[in-house]
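Novice: Quick one: the structure is below, and I'll ask about it shortly.
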Amino acid sequence: MKKLKSKLISAKRKYYPLIKSLQTVLLLITGLSGYMSARCPVHNIPTVLGLTASLLLSISGSTVLNMWYDRDIDAIMPRTSKRPLSTGETKPNEALIFGLVLSVIGVAWALILDPLYGMIIFAGLFFDVVVYTIWLKRRTAWSIVWGGISGGMPVLAGRVLGTGHIDWVGITLALGVLFWIPTHILTFSIRYHDDYNKAKVPTFPSTYSFQTTRLIIAVSSVLATLAFGAASYGVGLTWGFMRLLVVLSAGLFILAVQSLRSPSERITFGLFKYASLYMLSAMLLMFLTGF
Amino acid sequence: MRKISVLDRILLLATVLMAAYQISYGLNGLNFLPTWSYTIGFGVLLVAGLLLIILGFEGLESQIVVIVSTLIPLTISLGLITEHLPQFSTIYILFVFLGFTSVAVTRYTAEGKTATIVLAVTHGIAGILITFLPVVLSIRGYVSPGYILVGVGGALIGLGGLLLAFLKAGRPILPRDTILSVLPGLLLLMTASYLAGFMYK
């Protein structure tokens with residue numbers, strides 16, 4: 001029993017950090033919100049469980065595969081150098097197998113649940129691992145667009161599972177996530193600019209300038225709020241929730257403009273955190289609408 | 001400057017959630033102007049709470065904080081006027097516009113004393129309205145006695161606003177750290193009073 005316990009602890013230490021739990025849970029919430037936005041009954045337990053499990057597995061799988069592929073640059077960047085693949089605690093082959101197993105089970109489960117839903121999940125995984133990480137991340141700063149598209153897939157997939165087809169609301173929700181991604185990732189690339197330079201990963205701050213990057217963040221924040229606004233209208237959010245979304249959107253916009261007017265590390269990181277909270281709140285509002 | 005503690009963050013989070021509840025559920029059935037006036041007031045409170053949680057008390061250093069926080073008493077008092085005394089709506093909208101613009105302009109252009117006087121007058125008028133209008137309405141029987149709690153919220157926001165305004169003007173009424181240590185609790189009490197007052201209208 002003791003041996004099993006220590007094995008479990010060791011496995012958790014080796015594999016759990018590969019999943020990036022916060023990011024995975026945030027994307028999972030977008031998927032659940034997409035499903036609930038179709039006003040599907042939450043007590044439809046088998047479907048909700050299937051959605052949760054397939055999304056959790058495929059998102060975790062793609063994150064592990066990303067980390068496996070990026071282990072060389074992760075080792076160079078101080079921020080990521082303590083990840084288990086960088087320190088050698090987890091062997092690359094172990095991570096690759098772990099990532100593949102999670103991805104295959106996740107996508108297979110999704111395809112069984114609903115073929116269209118499964119195809120969207122697969123597309124998200126493909127865009128994230130192959131197009132974004134393997135093909136473009138080390139070549140162009142614009143790779144984040146593909147990262148954004150894959151980030152929008154869980155919410156679209158959830159919506160598709162609920163409605164049975166791709167509709168404009170699902171696409172707009174995915175666009176909202178796509179436009180939100182720059183606010184999230186670019187603020188990160190400003191904060192850890194030296195890390196990315198060290199690893200020779202092209203980012204907007206290194207390719208263009210900090211000010212251009214901040215301008216892009218401000219513009220994409222506006223576009224994200226507009227997309228979520230349109231989607232929330234399509235979803236049929238109550239006026240009360242709409243007002244709350246307007247308030248939260250205004251906060252995001254003001255912070256983005258403030259970051260443009262008087263840039264500082266504190267404001268940049270504040271924007272990064274607020275953007276995450278904004279996304280979480282927007283998705284929870286869509287989720288609650290389903291009740 | 002005093003660092004933000006876990007307890008401060010919990011109190012601020014409770015404030016944020018209450019403001020979110022008020023915006024989402026507490027304004028149903030009102031007309032356009034009061035709805036959006038209250039939404040702006042509670043919205044500023046909500047976003048300010050979130051930013052304090054994220055950035056800590058250092059977030060209060062910007063001049064923009066004084067300007068934006070003026071919106072809280074101005075818009076909540078505007079909500080009360082447009083809801084209960086609509087005949088004074090136009091003139092009060094004018095006051096809100098002039099008050100807000102004056103605070104914004106004097107923050108950047110006028111000397112400290114002028115800017116403080118403008119801020120105190122604007123906050124003062126809005127604060128008096130929020131404090132006493134619910135009391136008067138309640139005594140006259142237009143609303144239930146519980147509505148007096150909105151007035152309590154008004155008194156608290158007046159107190160908080162003045163403490164912050166004088167702190168920002170460089171003439172703190174209380175030591176800076178004392179003000180910062182009571183601020184999260186004050187914001188929570190204020191929001192809770194508003195919430196309860198509106199609920200028992």
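Novice: Filter the range B:22-40 down to the residues that are more than 9 Å from chain A (Cβ to nearest Cβ) and in contact with a Leu (Cβ under 7 Å, 6 or more places away or on another chain) and list them by number.
Specialist: Within the range B:22-40, B:GLN22, B:SER37, B:TYR38 meet the criteria.
Novice: Looking at the range B:55-75, which of its residues are within 14 Å of another protein chain (Cβ to nearest Cβ) and under 9 Å from the mean Cα position of the chain (by Cα)?
Specialist: Scanning the range B:55-75 gives B:SER69, B:LEU71, B:ILE72, B:THR75.
Novice: Would you mention how many residues in the range A:133-159 are free of Cβ contacts under 8 Å to residues at least 60 places away in the same chain and more than 13 Å from the chain's Cα centre (by Cα)?
Specialist: Counting residues in the range A:133-159 that are free of Cβ contacts under 8 Å to residues at least 60 places away in the same chain and more than 13 Å from the chain's Cα centre (by Cα) gives 4.
Novice: Another question, if that's okay. Considering only helices (runs of 4 or more DSSP H) fully contained in the range A:164-241, which possess at least 3 residues that are under 17 Å from A:ILE254 (Cα atoms)?
Specialist: A:168-191, A:210-235
Novice: What residue, among those in the range A:199-252 that are of a type in the set (D, E, K, R) and more than 14 Å from chain B (Cβ to nearest Cβ), is surrounded by the most Cβ atoms within 10 Å (Cβ to Cβ)?
Specialist: Checking each candidate, the answer is A:ARG214.
Novice: Residues being farther than 13 Å from B:LEU85 by Cα and in contact with a Phe, Trp or Tyr (Cβ under 6 Å, 6 or more places away or on another chain): count how many of those fall in the range B:131-149.
Specialist: The qualifying residues number 3.
Novice: Is there a residue being crowded, with 22+ Cβ neighbours inside 10 Å, within 14 Å of chain A (Cβ to nearest Cβ), closer than 22 Å to B:LEU167 by Cβ and touching a residue at least 24 places away in the same chain (Cβ under 8 Å) anywhere in the range B:104-111?
Specialist: No; the residues of the range B:104-111 include none that is crowded, with 22+ Cβ neighbours inside 10 Å, within 14 Å of chain A (Cβ to nearest Cβ), closer than 22 Å to B:LEU167 by Cβ and touching a residue at least 24 places away in the same chain (Cβ under 8 Å).
Novice: Condition test on B:VAL150, is it surrounded by fewer than 21 Cβ atoms within 10 Å (Cβ to Cβ), modelled with pLDDT of 90 or more, within 19 Å of B:MET190 (Cβ to Cβ) and β-branched (Val, Ile, Thr)?
Specialist: no
Novice: Checking A:PHE269 against (1) surrounded by fewer than 24 Cβ atoms within 10 Å (Cβ to Cβ); (2) more than 9 Å from chain B (Cβ to nearest Cβ), which test does it fail?
Specialist: All conditions pass for A:PHE269, except number (2).
Novice: Continuing with the same structure: B:ALA104 - would you say it is more than 21 Å from B:LEU156 (Cα to Cα), within 17 Å of the chain's Cα centre (by Cα) and among the small types (Gly, Ala, Ser)?
Specialist: yes
Residue-by-condition table, conditions (1) out of contact with any Phe, Trp or Tyr (no Cβ under 8 Å at 6 or more places or on another chain); (2) among the aliphatic types (A, V, I, L, M):
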{"residue": "A:VAL129", "(1), (2)": "no, yes"}
{"residue": "A:LEU136", "(1), (2)": "no, yes"}
{"residue": "A:TRP146", "(1), (2)": "no, no"}
{"residue": "A:ILE171", "(1), (2)": "yes, yes"}
{"residue": "A:TYR192", "(1), (2)": "yes, no"}
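Novice: Could you list, in sequence order, the residues of the range B:37-70 that are within 20 Å of B:GLN22 (Cα to Cα) and among the aliphatic types (A, V, I, L, M)?
Specialist: B:ILE40, B:VAL44, B:LEU45, B:LEU46, B:VAL47, B:ALA48, B:LEU50, B:LEU51, B:LEU52, B:ILE53, B:VAL68
The values are calculated or read from the model by the stated rules, or taken from the named source; none is laboratory data. Note that the structure is predicted; figures quoted are calculated from it, not measured. Glycine gets a Cβ as well: all are built from the backbone with ideal geometry, and neighbour counts include every protein chain shown.
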